[in-house]
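Worksheet for the structure shown next.
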Amino acid sequence: MSMQTHPVDHELIQAAAHVARTRCRGDNHTMAAAARARDGRIITAVNAHHFTGGPCAELVLIGAAAAQGAYELDTIVAVGDRDRGVVPPCGRCRQVLLDYFPALNVIVGEGDRIRTVRISDLLPESYVWADHQLETEKTAPLSTD
């Protein structure tokens, strides 16, 4: 399978790297994410690690974006602390990002191999929760009350 690449948003990578460098402190916050909203705003977030599990930076970013009224995201990137650079989303984040934003672009790769791909390319032939919800609504019986 060949992934179609899109232009890389270097400003977004810089925003995430800045947050990783200045806000990630210790084991609780080791990843930063930045996303460009459809209106051009950049939203940032950090992960919230906890021994019981915890939301990744990308998932925290979804909530932060909604809190700022940004419900449509175009591109997202995650960057590790300690100058680890761009880090691809984990499997859980890939599924959630696909469900929330099926046309989302994701910046992945390292060094001169940094590229932007669709979230659907990172999770091919996947189950899309949003599609299930639409099917449920179509087939749900009408109330006769």
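The values are calculated or read from the model by the stated rules, or taken from the named source; none is laboratory data. Keep in mind that what you see is a predicted model, and the values were worked out from it rather than measured. Note that each Cβ is placed from the backbone with ideal geometry, even for glycine, and that neighbours are counted across all protein chains shown. Surface areas here come from the heavy atoms of the whole protein model, side chains and all, with no ligands, DNA or RNA. Shrake-Rupley method; radii C 1.70, N 1.55, O 1.52, S 1.80 Å.
Annotations for the structure displayed:
- Residues (touching a residue at least 12 places away in the same chain (Cβ under 8 Å) and over 13 Å from the mean Cα position of the chain (by Cα)) located in segment 25-48: ASP27, ASN28, HIS29, THR30, ARG38, ASP39, ARG41, ALA48
- Members of segment 109-126 found to be assigned to a loop (DSSP other than H, G, I, E, B) and at pLDDT 95 or above, listed by number: GLY109, ILE114
- Output for segment 50-60, where each listed residue is crowded, with 17+ Cβ neighbours inside 10 Å, over 15 Å from ILE107 (Cα atoms) and in contact (Cβ under 8 Å) with a residue 12 or more places away in the chain: CYS56, LEU59, VAL60
For (1) in a helix (DSSP H, G or I); (2) within 21 Å of ASP27 (Cα to Cα), each residue gets a yes or a no:
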{"residue": "GLY53", "(1), (2)": "no, yes"}
{"residue": "LEU59", "(1), (2)": "yes, yes"}
{"residue": "ILE62", "(1), (2)": "yes, no"}
{"residue": "ALA66", "(1), (2)": "yes, no"}
{"residue": "ALA70", "(1), (2)": "no, no"}
{"residue": "VAL77", "(1), (2)": "no, yes"}
{"residue": "ARG92", "(1), (2)": "yes, yes"}
{"residue": "GLN95", "(1), (2)": "yes, no"}
{"residue": "LEU98", "(1), (2)": "yes, no"}
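- Annotation: of all residues in segment 102-119 being within 12 Å of the chain's Cα centre (by Cα) and open to solvent by 20 Å² or more (accessible area, probe 1.4 Å), the one that is nearest to ALA16 (Cα to Cα) is ASN105.
- Qualifying residue in segment 62-83 (condition: modelled with pLDDT of 95 or more, of a type outside the set (A, V, I, L, M), over 27 Å from SER126 (Cα atoms) and surrounded by 15 or more Cβ atoms within 10 Å (Cβ to Cβ)): yes
- Inside segment 10-47, residues that are open to solvent by less than 40 Å² (accessible area, probe 1.4 Å), among the small types (Gly, Ala, Ser) and in a loop (DSSP other than H, G, I, E, B) make up a count of 1.
- Residue match in segment 100-112 (condition: touching a residue at least 40 places away in the same chain (Cβ under 8 Å), small (Gly, Ala, Ser) and farther than 21 Å from TRP129 by Cβ): no
- Conditions (1) touching a residue at least 24 places away in the same chain (Cβ under 8 Å); (2) under 23 Å from ILE114 (Cβ atoms): number failed by THR22: (1)
- Being under 13 Å from LEU12 (Cα atoms) and either touching a Gly at 6+ places or on another chain (Cβ under 8 Å) or small (Gly, Ala, Ser) (or both) is not true of ALA66.
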